[in-house]
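Here's the structure we're looking at; comments come further down.
The values are calculated or read from the model by the stated rules, or taken from the named source; none is laboratory data. The model shown is predicted, which means the values in this text are computed figures rather than measured ones. So basically every Cβ, Gly included, is an ideal-geometry build from the backbone, and we count neighbours across all protein chains shown.
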Amino acid sequence: MVAQRIDGKVFAAGLREKIAGQVAALKDEHGITPGLAVVLVGDDPASQVYVASKGKQTVAAGMNSYEHRLPADAGQAELLALIGRLNADADVHGILVQLPLPAHIDEAEIINAIAVKKDVDGFTVANTGRLATGQRAMVPCTPLGCLMLLRDQLGDLSGKNAVVIGRSNIVGKPMAALLLADSATVTVAHSRTKDLPDVVRGADIVVAAVGRPQMIKGDWIKPGATVIDVGINRTDAGLVGDVDYDSVAQVAGAVTPVPGGVGPMTIACLLANTLTACCRANGLPDPEGLTL
Ligand code: GUN
């Protein structure tokens, strides 16, 4: 039997539709329009594509998009001053600084300068700590999207064995925190993990976020497992994930494709977080169905 293909593209479109409806209602009932500021430093081509896509989808959802492009040699002080202005701007409900930043910039200092309530990426130390301790947080977009797909697929995750491959601050670590908060039994594997295939064989849930093209093979997978592929690797053969889709689909119960799986969920969750931040800033209840 071949695994079910989890269609993130369709799920994300539904999410964006829900968001647009709630944004329209917020305008009608309260005269408020959520605003997202995106800061891009330098001219990394992949980052430019992401930022353009974010801007387009923000506007399509009925929100205001503010783009700030700085040259690659912009200084720490200049960037901190910009963040300070965005923190003080009442029309800006969410701030995203596109990563990676140029090497001469202290990334941690920049991220932690973002007001916690406007940190729609959930990357500040404050939001990371809130997530880890079960307090109301802004949750990083990619892991949030993965969790939504997993809950939709499996319902209750309680007691499931989950293996997260990768320990980045953007995906692996917050993903592990979210799965743990849903009462899964969580293992975080990484490049130094011994006998990785054996570790993965015990998993009911696999989240692959290592950045190695097609590394995870079908014979690593427990029959019926749910596999979420966060990888986006550009190879000569085109865009591929961290999962070897064809062999994994022969064994898994369900698996996300690349492209069309997790990718579209990330920006949809960014829009969700921006709407959430806007509601909280205005003392309104959290938007329906967009938070955990
Ligand atoms: N670079 C790669 N992924 C991300 C992300 O989720 N947020 C930001 N700000 N930068 C990124």
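Structure above, values below:
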quantity	calculated
Pair list, Cβ under 7 Å, 6 or more apart: the stretch 91-114 residue more than 11 Å from the ligand (Cβ to nearest atom) and modelled with pLDDT of 95 or more, other residue of a type in the set (Phe, Trp, Tyr) and not in a loop (DSSP other than H, G, I, E, B)	92/66
Complete set of residues in the stretch 7-34 that are under 13 Å from residue 62 (Cα atoms), touching a residue at least 12 places away in the same chain (Cβ under 8 Å) and in a loop (DSSP other than H, G, I, E, B)	32, 33, 34
Residue 193 vs. criteria in contact with an Asp or Glu (Cβ under 9 Å, 6 or more places away or on another chain), on the phi < 0 side of the Ramachandran plot and surrounded by 15 or more Cβ atoms within 10 Å (Cβ to Cβ)	no
Any hit, the stretch 96-111, residues being more than 18 Å from residue 37 (Cβ to Cβ), under 15 Å from the mean Cα position of the chain (by Cα) and crowded, with 17+ Cβ neighbours inside 10 Å	no
Residues of the stretch 254-289 that turn out to be at pLDDT 95 or above, away from the ligand (no atom under 16 Å from the Cβ), assigned to a loop (DSSP other than H, G, I, E, B) and not acidic (Asp, Glu), as a count	8
Residue selected from the stretch 55-67 under the condition out of contact with any Ser or Thr (no Cβ under 6 Å at 6 or more places or on another chain) and in a helix (DSSP H, G or I), by the criterion nearest to the ligand (Cβ to nearest atom)	57
Among (1) over 20 Å from the mean Cα position of the chain (by Cα); (2) aliphatic (A, V, I, L, M); (3) surrounded by fewer than 19 Cβ atoms within 10 Å (Cβ to Cβ), the one test that residue 216 misses	(3)
Residue tally, condition farther than 19 Å from residue 232 by Cβ and crowded, with 22+ Cβ neighbours inside 10 Å, over the stretch 243-275	6
Selection from the stretch 138-189 of residues that are among the β-branched types (Val, Ile, Thr) and over 11 Å from the mean Cα position of the chain (by Cα)	163, 164, 165, 185, 186, 187, 188
Residue identified as of a type in the set (A, V, I, L, M) and free of Cβ contacts under 8 Å to residues at least 12 places away in the same chain among 72, 137, 81, 132	81
Where residue 77 falls short, out of the listed (1) more than 16 Å from the ligand (Cβ to nearest atom); (2) closer than 20 Å to residue 273 by Cβ	(2)
Residue satisfying all of: in the stretch 17-47; more than 12 Å from the ligand (Cβ to nearest atom) and modelled with pLDDT under 95; surrounded by the most Cβ atoms within 10 Å (Cβ to Cβ) among these	43
Out of 52, 37, 77, sole residue that is not in a helix (DSSP H, G or I) and not acidic (Asp, Glu)	37
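Yes or no, residue by residue, for (1) away from the ligand (no atom under 15 Å from the Cβ); (2) at pLDDT below 95; (3) within 30 Å of residue 117 (Cβ to Cβ):
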| site | (1), (2), (3) |
| --- | --- |
| 144 | no, no, yes |
| 153 | yes, no, no |
| 160 | yes, no, no |
| 171 | no, no, yes |
| 182 | yes, no, yes |
| 186 | yes, no, yes |
